[in-house]
Ligand code: SF4
Ligand code: SF4
Ligand code: FES
């Protein structure tokens, strides 16, 4: 039997909320798929579109950007900037014919371990039927 | 009508009175359709200025060179540079002002109205002429292009030869200027994003196939970047060598530098180049269409910028190049910005 496809997700998590949220999920021993490679960034506002594309380029099947809820950003406004910028990236990706579902954004607070696990579970379920992402992957 | 003699006279006076350093304008090109950029220093050369349907270049791009040159000079000449701009070009000036790349008194703006037409797409004209060489082109008062060839003159309706961006242009006359030439005609367009909609209506697979076919042609010559007035960064993320190498930079360090994008024009890298180029111009591109015009492979790059222009307008109510004092698209936000895509 062929092995089931296991998508690789790169998650850019802001240090102050989402990363802490994922830690909470971990220390509370919540179960969720091991498909994520978390990368802690200082703020969702510090995620350049190039990080996202680069993740796809280096082999990600899905990319998640997650930050504090609006109003909660440690740097006050970072997630508002991120929201705008990422809306544009999403529109452009769709326009170019990339599967828009491969790219997600979420607000996860430090207390939302459960939400974090749910987001990852859902994302994995969305990505599985899509198969490997090859469009932006650098050919070896 | 734009009176060329007025333009020449003003230019002459500016140079004679030493009010400007030099004037960037248009002069006769060598192939009959295209004008050519001209840098005029001597008052007597102002006679060489032209204004015609072949003045499609966005001359504000040369303000980049001017700024760099000035930075190198010990005692720079602080007088402004005179520059001839169309509606679209004037919006580029507003963006450069907004980004504090230039100061308002660095430029003396000679704004020229496009009135009821605009500039031509050379390729469209060439097709119409079927190999014949134009000697002269001009607009008549009924929106026709009058082309003179060795066989006499022909008239072509403007809508058949106008550059795509002129058809979709929302301004038609300069929005910032020191002297204005021609008539301020209120002309609206209901087709501002028509070209974008054509692609939007494709299925996801068709979109990918369309862009794949286009980007496969790209040779990564970066002409699109070189020509853009807004691509003024000294270091560009797509250049892998863009970091300072000092005497004590080790080979190790050089090897470890992040390479965001490979230089080779393979599909993945070229896609990323074009996505990033478009994103970096979001809220800054004023749709002068120069990037697309200079592309040697005829890749419709303008469609990418135009898409983001459209989204900026519809999602964030943001229009580029009208107000030099507004905050830039990506360094501002509103509480009510859409977030239905966020989980
Ligand atoms: S799109 Fe055209 S102008 Fe730009 S790098 Fe590619 S080939 Fe050159
Ligand atoms: S991206 Fe192209 S159309 Fe936009 S300002 Fe630059 S050269 Fe002009
Ligand atoms: S610190 Fe979490 S989004 Fe800015």
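This ranking places B:228, A:73 by how few other beta-carbon atoms lie within 10 Å of each, fewest first, which gives A:73, B:228.
As a test, work out the antiparallel percent of DSSP beta bridges whose residues both lie in the protein assembly as shown, rounded to the nearest 5.
Numbers: 17 of 44 bridges.
So the antiparallel bridges in the protein assembly as shown amount to around 40 percent.
What is the average number of partner chain Cβ atoms found within 10 Å of a Cβ in B:326-334?
Numbers: counts 0, 0, 0, 3, 6, 4, 4, 10, 2.
That works out to 3 on average.
The largest-to-smallest principal axis extents of the Cα set in region B:1-142 are 52, 33, 26 Å. Rg and Dmax of the protein assembly as shown, based on Cα coordinates, read 25.5, 85 Å.
So what's region B:51-111 giving for Cα Rg divided by 2.2 N^0.38 Å, two decimals?
Details: Rg = 12.1 Å, N = 61, 2.2 N^0.38 = 10.5 Å.
Relative to the 2.2 N^0.38 Å estimate, region B:51-111 comes out at 1.15.
For the peptide B:280-286, the mean number of other protein chain Cβ atoms found within 10 angstrom of a residue's Cβ is 2. Site pair residue A:74 and residue A:30 shows an inter-label distance of 2.0 nm when each label is modelled 7 Å from Cα along Cα→Cβ.
Can you work out the PRE-style zone for residue B:180? Point 7 Å along Cα to Cβ, and I want the residues of region B:80-102 with backbone N under 16 Å. Residues B:85-91 qualify, since their backbone N sits under 16 Å from the label point. Can you classify region B:236-327 as rounded, prolate or oblate using the Cα gyration tensor, where a ≥ b ≥ c are the square roots of its eigenvalues, rounded means a/c under 1.5, and otherwise it's prolate if a/b beats b/c and oblate if not? Cα axes put region B:236-327 in the prolate bin. Antiparallel beta bridges, as assigned by DSSP with both residues in chain A, represent about 0 percent of the total such bridges. Multiplying the residue separation of residue B:99 and residue B:153 by 0.36 nm and subtracting their alpha-carbon distance yields 14.9 nm. Would you please state which residues of region B:62-89 a label at residue B:127 would reach in this model, taking the label point 7 Å out along Cα→Cβ and a backbone N cut-off of under 16 Å? The answer is none. Cβ crowding within 10 Å, taken as a proxy for footprinting-reagent exposure, orders B:249, B:154, B:141, B:60 from fewest neighbours to most as B:141, B:249, B:154, B:60. The shape of region B:245-287 comes out oblate: with a ≥ b ≥ c from the C-alpha gyration tensor, a/c is at least 1.5 while a/b does not beat b/c.
When Cβ neighbours within 10 Å are restricted to other protein chains, what is their mean count per residue of peptide B:257-269?
For peptide B:257-269, the averaged partner shielding equals 3.
Put a dot 7 Å past the Cα of residue A:23, heading toward its Cβ, do the same for residue A:6, and the two dots end up 2.6 nm apart.
If you take the beta carbon distance between residue A:128 and residue B:9 as r and set R0 to 56 Å, what does 1/(1 + (r/R0)^6) give as a FRET efficiency, to the nearest 0.05? E(calc), rounded to 0.05, equals 0.20. Set the Förster distance to 51 Å, then compute FRET efficiency between residue A:42 and residue B:62 from the Cβ-Cβ distance, nearest 0.05. Using R0 = 51 Å, I get an efficiency of 0.85.
What does the extension gain come out to for residue B:39 and residue B:143, with contour length at 0.36 nm per residue minus their alpha carbon separation? Additional length available on full extension: 34.5 nm. Each of residue B:298 and residue B:337 was given a label point 7 Å from its Cα along the Cα-to-Cβ line. The distance between the two points is 3.9 nm.
Sorting A:48, B:90 on the 10 Å Cβ count, fewest up front, what's the list?
On the way: A:48 18, B:90 23.
Going from sparsest to densest Cβ surroundings: A:48, B:90.
Compute the whole-percent fraction of alpha carbon pairs in chain B spaced more than 24 Å apart. Before the final figure, lay out the partial values.
Numbers: 35777 of 58653 pairs.
Tail fraction, whole percent: 61.
Classified by the C-alpha gyration tensor, region A:1-122 has an oblate form. Its axis ratio a/c, with a ≥ b ≥ c, is 1.5 or above, and a/b does not exceed b/c.
Every read-out reported here was derived from the displayed coordinates using simple, explicitly stated rules and does not represent laboratory data. Only a predicted model underlies this, so the values are computations on that prediction, with no experimental measurement involved. So basically every Cβ, Gly included, is an ideal-geometry build from the backbone, and we count neighbours across all protein chains shown.
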